[in-house]
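Working notes, beginning with the structure itself.
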Amino acid sequence: MSVYLDHAATTPMLPAAQRVLVEHLARTGNPSSLHTAGRAARRVVEESRERVAASLGARPSEVVWTCGGTESDNLAVKGLFWARRAHDTSRRRLLVSAVEHHAVLDPAFWMAEHAGAELVLLPVDGDGVIELDALRAELEAHGDQAALLSVMWANNEVGSLQPLGEVVALARRHGVPVHADAVQAVGQVPVDFAASGLDALTVSGHKVGGPGGVGALLARRDLGLTPVLHGGGQERGVRSGTLDAALLASFAVAVEDAVAHQAEHAQHVAGLRDALVAGIRRAVPDAVLRGPADSARRLPANAHLTFPGCEGDSLLYLLDSAGVEVSTGSACQAGVPQPSHVLLAMGVDEDDARGALRLTFGRTSRATDVDRVLEVLPAAVDRARAAGLAGRRRAGAQTSAAASAPDVAGVR
Ligand code: PLP
């Protein structure tokens, strides 16, 4: 049996969410149709909306269904920016923290390239936490030009929790709406939309024990989101597209369960995480824990370490061959051999950033998973280090050969 420690990438579906999904898949009816089957599907959609809203401290009318975290983030960044600019063309600055997931960062860059936004990347400290002084300075200097601020609730790589109370208070003084990507936070820490003072919040199904391909953006009604998807006018015209009652019902069960059991879940995964980190520090003393050391300031399920002299990818494959599945960072970046933008923003140098490993726990994790990692990790680190050294030697030899080679560029 393999040990799965990549729950931040996706986590197994809750059995109850699976049952509801299968049950509803057997039914038909477009929730926008007026006949009996359509009305039955609509009832499922609206009951699911009520359940998600109640679990996350929102009103049902504040729930906009989407196909997941990526779409919710895109809708928030683009929809809020355009809505704001429609009323006030001087508001062009789009403020995002430097450690956002690519689902926020990339639309923000896209808006700068194609939609006249002025992108402002807000710095973070060595723990991956937003620098409040820099945010304050930005708002004091240019707050009247800011269209939107997006700061994630919890970072998906290093697990840092952001000081959203202070962020919202600062932004409010300057009339700037705030969006938070809470994809990793829901089910791990308490998330209450109304109490947070946020204007918009992203949640995704497959990170909380629900199905993939479904999520929501919670958005205050007075915000006026500009649609990104146009078509049949579903979701009050904010997000067109036929709704899938089965996915939504299953998603609602998962969110409800994740929120109802959040405290005991956090205790369970934090215990495993702390044992793992302590064990790794004993076995590989030069491994460096990234993100806040204080467990109250990081996600309970997250352990993130860098291993000097190792390539994270090599470690990942060596562990995988020993039956341990982990990540080097965000799953959405896997396969792209670049150091993480999150670690670089935290001031980690490129070489160290390359040796990153993220291990994340979930509902199905057990103490034996920790034992297995500690059993196989030291040898994997030794082999990854040896491979890293050999690779660097080869690269060095190639560089010196290239330096001594005659310049033949003009001949070709
Ligand atoms: N935001 C964060 C913080 C994430 O971790 C992820 C997934 O890795 C996403 C957004 C994207 O969510 P989805 O996979 O539902 O599109």
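The values are calculated or read from the model by the stated rules, or taken from the named source; none is laboratory data. None of the values given here were measured: they were computed from a predicted structure. In this analysis, Cβ positions are derived from the backbone assuming ideal geometry, glycine residues included, and neighbour counts consider all displayed protein chains. Only protein heavy atoms, including side chains, enter the accessible area calculation; ligands, DNA and RNA are left aside. Shrake-Rupley method; radii C 1.70, N 1.55, O 1.52, S 1.80 Å.
The alpha-carbon atoms of the stretch 262-393 define a convex hull whose volume equals 110 cubic angstrom per residue. Beta bridges assigned by DSSP with both partners in the chain are antiparallel in approximately 50 percent of cases. Residue by residue, what Karplus-based ³J(HN,Hα) values in Hz, rounded to whole numbers, does the stretch 89-95 have, using 6.51, -1.76 and 1.60 with θ = phi - 60° and x for Gly and Pro? Coupling constants for the stretch 89-95: 5, 7, 8, 10, 7, 10, 9 Hz. The residues of the chain present an accessible area of 43 Å² per residue when probed at 1.4 Å with all protein chains retained.
According to the Cα-based calculation, Rg over Rh for the chain is 1.01, with Rh computed by the Kirkwood formula. Rounded to the nearest 20, the Cβ-based charge dipole of the chain about its Cα centre (Lys and Arg +1, Asp and Glu -1) stands at 760 debye. Taking the centroid of alpha carbons for each part, the stretch 136-164 and the stretch 88-132 are 8 Å apart.
Residues whose amide H comes within less than 5 Å of that of Leu148, counting only those at least five positions distant or on another chain, are Leu95 (H built at 1.01 Å from N in the peptide plane). Sequence-ordered 3J(HN,Hα) estimates for the stretch 77-83 from the Karplus curve with 6.51, -1.76 and 1.60 and θ = phi - 60° stand at 5, 6, x, 6, 4, 5, 5 Hz, glycine and proline given as x. Close amide H pairs (under 5 Å, H built 1.01 Å from N) link Leu122 with Val96, Ser97, Ala98, residues at least 5 positions away or on another chain. Among His304, His174, His268, the largest mean-square fluctuation in a Gaussian network model of the chain, built with springs joining Cα atoms closer than 10 Å, belongs to His174.
Can you show me the helix-derived [θ] at 222 nm for the chain, built from DSSP H runs with n ≥ 4 at -39,500 (n - 2.57) apiece and divided by the number of residues, rounded to the nearest 500. After summing the helix terms and dividing by the residues of the chain, the value is -13500 deg cm²/dmol. Atom-type composition of the exposed protein surface of the chain places 53 percent of the accessible area on carbon and sulfur (1.4 angstrom probe). For the stretch 44-55, the Karplus equation 6.51 cos²θ - 1.76 cosθ + 1.60, evaluated at θ = phi - 60°, returns couplings of 4, 4, 6, 5, 5, 4, 5, 5, 5, 4, 4, 5 Hz by residue, with Gly and Pro reported as x.
Summary of the geometry: the stretch 179-250 and the stretch 46-70, compared by the centres of their Cα atoms, lie 6 Å apart.
Residues whose amide H lies under 5 Å from that of Ala8, counting only those 5 or more places away or on a different chain, are Thr360; hydrogens are built 1.01 Å from N in the peptide plane.
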